[in-house]
1. Using helices alone, I'd like the mean residue ellipticity at 222 nm for the chain: each DSSP H run of four-plus residues gives -39500 (n - 2.57), total over residue count, nearest 500.
2. Which number do you get for Rg(Cα) / (2.2 N^0.38 Å) in segment 95-155?
3. At q = 0.16, 0.17, 0.18 Å⁻¹, what log₁₀ I(q)/I(0) does segment 202-255 have when each alpha carbon counts as one equal point scatterer in the Debye sum?
4. For segment 226-294, count all C-alpha to C-alpha pairs, find those more than 15 Å apart, and express that count as a whole percent of the total.
5. Have a look at P387, V374, I348 and report the one farthest towards the positive end of the charge dipole of segment 321-401, computed about the Cα centre with Cβ charges (Lys/Arg +1, Asp/Glu -1).
6. Give the span of segment 276-345's Cα atoms along each principal axis, as three whole-Å numbers ordered largest to smallest.
7. What list of ³J(HN,Hα) values in whole Hz, one per residue of segment 354-366 in order, does the Karplus curve 6.51 cos²θ - 1.76 cosθ + 1.60 (θ = phi - 60°) give from phi, with Gly and Pro shown as x?
8. Sort out for me the Cα centre separation of segment 346-406 from segment 179-215, rounded to whole Å.
Amino acid sequence: MSEKLSRRTFLASTAVATMGIALAACAPKATPAPAAPPAAGQPTAAPTAAPATKQEVTLRYMCRSGADYLPAVAKNIDDDFTAAQFPHIKVSVEPAPDGWVEKLLAQMVAGTAVDLFEAWGNIFYNWTDRDLLLDVQPYVDKTMTDAEIADYNDFQWQGLFMKGKRIGMPKYINVMTLTINKDMFDKYGVEYPPEDGEWDHDDYQNMLQRLNDAARSKGDNDVWAGWLPMWSWDRFWNHVHMFEGKIVDQKDGKICMLDQPEAQAALKWCYDMSFTWNLHAQPAQVENKWPQDTIAAGMVMTAEDGTYPISRNKIFRLDSNIRWDMRHVPKGPTGKRSVLGTTDAFSITKQTKHPDESWELLHFLSGPIHQEKVIAGSNGIIPVLKPLISRFIQIVREKEPTLNDVRLETIDELLQWGYAEDTPWFCAQAKATEIIIPALEKVFMVGDVGPEYFIEIAQQVNDSQKDC
């Protein structure tokens, strides 16, 4: 699925649901008892006026799906939302333009923006600070049952509640798993990681050492056992969590914890994996390519990366003829496991003139009909509702049979086990990332200073939060 703006680019540059409504709308109303006839000689009551027809409105929805997917989005809305449920609500689906973040921000400030759009956590957080997004919690309280809410995953449901406001509804799920090149494991005679996820950081390090040693013994000096872009915000903090460390003292907190022993131990282990033992490739060794590209190019054998089965299978299996698979990331030293679970979501601009109708569309897009037909069925990405995960696996395997060779059940287990997390948030997030991201690049991209550098950085971050 085409993504015109990645999370890492945004950070660097700025450093269930509707089914109950549908059934209720279609349910027959109780037939009232007939009125008693008027007494003799009394005039017959005037007929009651017919209820007023709801005024037709048109919503503008900016969609970030690629051009190949937009027709399916529009058809689903036309058929299953407008025609089937809300004939008075027309929806104009508009493709997100290049530079949509800056353009949409300017339009929201000017009051000329679309009604609905799609984004993810960092963007939402910054725009919540500027009071540009509609709080939909009152609609949730009024229209959604506890059972509907329970179908969402905690990391998304809780993650989309920012600074006292619910700023949207989940769109799709992306979680981090370990991608492996099975051909390289076979070539070097190393056993695949365990399918059941029962392994830890020591097991992982030993596996990578065996892969590296086998490659070097065959004279393969330009391939590395693993790759982890620790310089990226969305790829570093979960490793700190797995060592029982923290990035910030609490959600929306003001105290950076990267100077604490647990965080320092995690950062040192990750640094050593690249710059001491070189089991993870150093960025310069793989031309600083993103994980999927390093695997496709035969540069690395494993990489922690996002989970998009259809697009990954095209890159690995169909385009590069690589037999690939996915596994759970290893547990940390104390048995804790953590990965990023994204807060990709639909949101309503606060300046909308049609908040009630916009909520109905938002609710629909995050609900079971759209999630199964479009998110899973057309786009081939992970839907946000727990009951649809097994159906998603079935759908993508029907679309691409070679995915029967990939252990997609890892996705279902990961969500059931509950170790996906939302990203940590500082009170003044933008100020914190403006300090932390360059430090990550200095330590994990250039490698000219070690993780102890974050002791100094933590104090700088604390100073940046004082006025929040």
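Only the coordinates and a few stated rules stand behind these numbers; no lab work does. Bear in mind that the values here come from a model prediction, so they are computed numbers and not experimental data. Neighbour counts are summed over all protein chains in view; Cβ atoms, including those assigned to glycine, are modelled from backbone coordinates with ideal geometry.
1. Roughly -10500 deg cm²/dmol at 222 nm, from the helical runs in the chain.
2. Working: Rg = 14.3 Å, N = 61, 2.2 N^0.38 = 10.5 Å.
In units of the 2.2 N^0.38 Å rule of thumb, it is 1.36.
3. For the requested q values the scattering log ratios are -0.66, -0.70, -0.74.
4. Working: 1303 of 2346 pairs.
Beyond 15 Å sits 56 percent of the P(r) for segment 226-294.
5. P387
6. Per principal axis, max minus min of the Cα coordinates gives 39, 37, 24 Å.
7. 10, x, 5, 5, 5, 4, 4, 5, 4, 4, 5, 4, 8
8. Measuring centre to centre over Cα atoms gives 34 Å.
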